[in-house]
Each structure stands twice: as C-alpha cells, then as structure tokens.
1. Filter the range 316-341 down to the residues that are in contact (Cβ under 8 Å) with a residue 40 or more places away in the chain and charged (D, E, K, R) and list them by number.
2. Among the residues of the range 22-40, is there at least one that is more than 20 Å from ILE90 (Cβ to Cβ), touching a residue at least 40 places away in the same chain (Cβ under 8 Å), out of contact with any Cys (no Cβ under 9 Å at 6 or more places or on another chain) and surrounded by fewer than 19 Cβ atoms within 10 Å (Cβ to Cβ)?
3. Pairs, please: C-beta under 8 Å, at least 6 apart or cross-chain, first residue touching a residue at least 40 places away in the same chain (Cβ under 8 Å) and in the range 2-19, second among the basic types (Lys, Arg) and surrounded by fewer than 24 Cβ atoms within 10 Å (Cβ to Cβ)?
4. Being modelled with pLDDT of 90 or more and not β-branched (Val, Ile, Thr) is the filter; apply it to the range 224-235 and report the residue that is surrounded by the fewest Cβ atoms within 10 Å (Cβ to Cβ).
5. Are any residues in the range 257-274 open to solvent by 10 Å² or more (accessible area, probe 1.4 Å), over 15 Å from the mean Cα position of the chain (by Cα) and more than 13 Å from VAL294 (Cα to Cα), and if so, which ones?
6. State whether one or more residues within the range 94-105 are modelled with pLDDT under 85 and hydroxyl-bearing (Ser, Thr, Tyr).
7. Looking at the structure I just gave you, is PRO291 in contact with a strand residue (DSSP E or B) (Cβ under 9 Å, 6 or more places away or on another chain) and over 24 Å from ALA322 (Cα atoms)?
8. Six or more apart or on different chains, Cβ under 8 Å: which pairs go from a residue in the range 71-98 that's without any contact (Cβ under 8 Å) to a residue 40 or more places away in the chain to one that's small (Gly, Ala, Ser) and surrounded by 14 or more Cβ atoms within 10 Å (Cβ to Cβ)? Could you list them?
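The values are calculated or read from the model by the stated rules, or taken from the named source; none is laboratory data. The shown structure was predicted, so the numbers you read here are calculated from the model rather than taken from an experiment. Glycine also receives a Cβ, built like all others from the backbone with ideal geometry; neighbour counts cover every protein chain displayed. Accessible surface is based on the protein model in full, side chains and every heavy atom, while ligands, DNA and RNA are left aside. Shrake-Rupley method; radii C 1.70, N 1.55, O 1.52, S 1.80 Å.
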Amino acid sequence: MKIIILKRDKLGDLLLTTPMLQVLKKLYPKSKLAVVAPESSAWILKNATFIDQLYSYPQPKAFNLKSFASIFIQLFIFFKIRLEHYDFAIAAGGEYSHRAIKRLFWIKAQRTISFVPKNKSIKEITDPIIEPSNEKKGCHESQRMLKLIDPIVQSKKKINLPDIYFKPSREWLRKAQLFLAAHQLKKGQYIVFGLGARREKKQASKEQIIETAIYASKKHKLKTILVWTPGRKNNRNYPGDDELAYDILESAPEEIIPLRAPLDLTIGVIWLAKKSIFPDSGLMHFASASPGGVIGLFAETKVSPNPEQWGPLGLQSTYIEAKKTIKELGIRFLHKEINRL
C-alpha cells in the first residue's frame, strides 16, 4: 500500500501532523508512507524514521523569473509523484482547504481523502470527511487530522496519539552549547522567553518579561534568554520583533541574555532550556517537543486560535489564556508556573 500526505501549511502545522504520520507507520509498517510539503517546512521531517519518502517544493513569492521557475519545479515534482501511482492521497489539515485539494488532484491517487464542509460535494474526493465544527471543544488539531485516516484504518478501536516529533541535529545543539558556554551557562540553567510580532495581544510586555527574568533568577537561579524574530514589525511578509526587543534590552537587567539568531541556533537553545515561554506560534510547537516543554500564551480566543485546538502538546507543556491580552494578566502572571520548575 502506498500513502502520500499533502501538507501545505507552516512549521507548527507540520509538527502537529507528525502524530498522525507515526500512527500510520505503526499500523502499516510495510506500507510506503510519503509526505509532500513546501521547502519552508518539509525540512522538519528530513530525518524522520516513520516516513519513507519526502518531497519538497518551492513556493513562488512574487511574479518574477525566480517565481516562474518555482512553479515549473513544483509541477515537475507533482508529475513525478503521479508516476508513483499512490493508493491514498490525504490533504492533511484540521479543516477544509480548496488550495490543498487543488494540489491533491495533481497526485492522481486511486483514493483521495480530505475534510469537506457539511452538505458540500466534491466529486474528485473519493473519501470525504465532514469538516469538524470549530465550536466543538476539546478537539485538538492533531486529533482532527487523525480522523483523516479513518478510511484507511477502518477500525473503531481508540488510537493513542503519540507526541509530536522533532529532533534538532547535533550541529544545531553544538551551536547552542557554544552560545551557552560564551555566557557561562549549561543545559537547564535558563529559561527561554520568546516574542511574537504577528499577534501583539498574545505577546508579553516589556515589564512582564523583565519581572519574570528577575523572579526566575532570584527564586530559582535561572537566567532568561530573550529570543525574537529579526526584522521590523511593519514588514508585511515577515514581521519581526526588533523594536520591542531593543526596547527591553535598553533597560534589561543582567539576568536577560539576548539571542537574535537564525532558526537553527534558536531551536538548539530552546532544546537545552529548563522551560520556554512563547506566544502561540511555530516556535511554541518546537518548544513543546523539547525536553523542557513550553508555556504557551493565548489571548482573546473567541476570535483567535483556541488552545483547545492549537495548544502545545507534550507532558511538559501547558498554556496560559488571557481574556483580551496577555498584558492584562499583570507582571507576576508567570510566577506560579516558574515555581513548578
């Protein structure tokens, strides 16, 4: 049996697909399990032992020669996939996506599986799954995607969901250790506090971050490494956190160590931390897969992503939810969580 999973979303979304992939490989170890995803996120599965084939394609960002080349490369990759004659092709995602289904058709598998809205018929989808209601509580994104394998598994037995999968390379960890050594730190002697420019309401304030760093140092002898996305906040495609980070660092105590770095070093440092704190984001999900786990920050979940669907997974991970903004929780809102370390 040949199964291919199409995943066209961002980093965090692909991480939340890994439990489903592990279940499929465990149930059908002799099957060929493949994944096709954008280059920007496919690297997450580069060394995963539970998939047999990984296809990655470039995504055009603008109308120029490079983008046209990306389109041709993408078409070539899907043509190559089509020649493999897959038995099942799944558009992996917790809800209906017409863009994902469009690419699903390119694969030309014998059977196609996707979420579809209630009372909507798509003739090219051989095994439609009714899209879960967003109002249904307790239905995590990873559980939603597990529903997509029902036409293959056809079993009423409860399936235990594995943890999300990610393992940084030795080189990433080596870079992290060099950074820590330069600041006279070792594994587990610090927490990571992350910023997030995309949704300011989920982002801790300057005062909250500084107070948390001072408390973690006095109470538990832990330093705080402040990490952020490089760049200006007004960048439409890749908003960064430079303005807030530099504002914090201007009056930051010695307990705070800045880390403005590429993803490999950032993830390596997260992996060796006692605990990480991040707004809802891809880095939050990376941190949830780390040994120390993460405290996720969510706010105004009636109109924004809800932690019941998008919260961090893992025994070492938890989250804090604010009614409107994280800033309204006061400067001591993380003390109780830090005391559990």
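1. LYS324, LYS327, ARG332, GLU337
2. For the range 22-40, residues more than 20 Å from ILE90 (Cβ to Cβ), touching a residue at least 40 places away in the same chain (Cβ under 8 Å), out of contact with any Cys (no Cβ under 9 Å at 6 or more places or on another chain) and surrounded by fewer than 19 Cβ atoms within 10 Å (Cβ to Cβ): absent.
3. So the pair list comes out as LYS2/LYS32; ILE3/LYS32; LEU6/ARG103; ARG8/ARG99; ARG8/ARG103.
4. At the first step, the residues of the range 224-235 found to be modelled with pLDDT of 90 or more are 224-228.
Right, trim to not β-branched (Val, Ile, Thr) and you get 226, 228.
Values: LEU226: 22, TRP228: 25.
Within the range 224-235, the match that is surrounded by the fewest Cβ atoms within 10 Å (Cβ to Cβ) is LEU226.
5. ILE257, PRO258, ARG260, ALA261, PRO262, LEU265
6. No.
7. Numbers: in contact with a strand residue (DSSP E or B) (Cβ under 9 Å, 6 or more places away or on another chain): no; over 24 Å from ALA322 (Cα atoms): yes.
Here the answer is no, as PRO291 does not meet what is asked.
8. TYR96/SER114
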